[in-house]
Amino acid sequence: MATERTFSILKPDATRRNLTGAVNAVIEKAGLRIVGQRRIKMSRQQAETFYEVHKERPFFGELVEFMTSGPVVVQVLEGENAVAKYREVMGATNPAQAAEGTIRKLFAESVGENTVHGSDSAENAQIEIAQFFQDADIAG
Ligand code: RTP
Ligand code: MG
């Protein structure tokens, strides 16, 4: 299995509760390397573009409001099988269904405010990384 990259966001509920270091510790313990990282305030336009696939879903408005409600940390993670591995480390979308030891089980408060985002495919990872990072800001 080749080294792969995925895109991660520590969402506003994580920054608000000062949990970015705690979440990063779980990421690194799982063997994923944080090879790019930036703290930003997402604009409404950025959030709407990022979550465009969900624009017809009933929770879209709430999701955009939440993602722009405070700072987020955008990250590039690298490792063996990084896309699938990070999805596993994150846990289920709904923290009530997330497995023990996962980020969402440990930290998330609700299905909407669920602490982290991770790409769902290698193809989407590339698109999402390009939306927030220039090559010069990633060092593997
Ligand atoms: P993400 O894209 O953020 O990594 O999360 P995911 O793949 O596990 O979940 P997805 O189905 O892609 O949903 C994206 C985000 O929308 C919010 N959501 N709210 N209120 C609701 O029922 C609901 N469902 C989804 C969550 O923040 C979810 O992570
Ligand atoms: Mg998703």
Exercise for the section: Say whether the condition of being of a type in the set (Lys, Arg), out of contact with any Gly (no Cβ under 6 Å at 6 or more places or on another chain), in contact (Cβ under 8 Å) with a residue 60 or more places away in the chain and farther than 19 Å from Asp120 by Cα is met by at least one residue in region 8-16. Expected result: no
Handout entry: Check on Gly31, modelled with pLDDT of 95 or more, at positive phi and within 11 Å of ligand 1 (Cβ to nearest atom)
Key = no
Handout entry: Only one of Asp137, Asp120 that is of a type in the set (D, E, K, R) and away from ligand 2 (no atom under 16 Å from the Cβ)
Key = Asp137
Exercise for the section: Answer yes if at least one residue in region 35-47 is without any contact (Cβ under 8 Å) to a residue 24 or more places away in the chain and closer than 22 Å to Asn124 by Cα, and no otherwise. Expected result: yes
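Taking into account only those residues within region 128-140 that are aliphatic (A, V, I, L, M) and over 14 Å from the mean Cα position of the chain (by Cα), which is nearest to ligand 1 (Cβ to nearest atom)? So that I can check it myself, show each step before the final result.
Filtering region 128-140 for residues aliphatic (A, V, I, L, M) gives 129-130, 136, 138-139.
Cutting the leftovers down to over 14 Å from the mean Cα position of the chain (by Cα) gives us 130, 136, 138-139.
Working: Ala130: 17, Ala136: 26, Ile138: 20, Ala139: 24 Å.
Taking the candidates together, the pick is Ala130.
When the residues of region 11-61 are filtered to those that are part of a loop (DSSP other than H, G, I, E, B) and among the basic types (Lys, Arg), which remaining residue is surrounded by the most Cβ atoms within 10 Å (Cβ to Cβ)?
Just the residues of region 11-61 that are part of a loop (DSSP other than H, G, I, E, B), to begin with: 11, 17-19, 30-32, 41-43, 51, 55-59.
Those still in the list that are among the basic types (Lys, Arg) too: 11, 17, 41, 55, 57.
On the way: Lys11: 23, Arg17: 12, Lys41: 12, Lys55: 12, Arg57: 11.
Applying the filter and picking the extreme gives Lys11.
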Fill in the blank from the handout: Among residues of region 87-105 being surrounded by fewer than 20 Cβ atoms within 10 Å (Cβ to Cβ) and not in a loop (DSSP other than H, G, I, E, B), the residue nearest to ligand 1 (Cβ to nearest atom) is Arg87
Handout entry: Any hit, region 106-114, residues being touching a Leu at 6+ places or on another chain (Cβ under 9 Å), within 17 Å of Leu63 (Cβ to Cβ) and of a type outside the set (Val, Ile, Thr)
Key = yes
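The values are calculated or read from the model by the stated rules, or taken from the named source; none is laboratory data. Computed from a prediction, not measured in an experiment: that's the story for all the values here. Methodologically, a virtual Cβ is constructed for each residue, glycine included, from the backbone with ideal geometry; neighbour enumeration extends over all protein chains shown.
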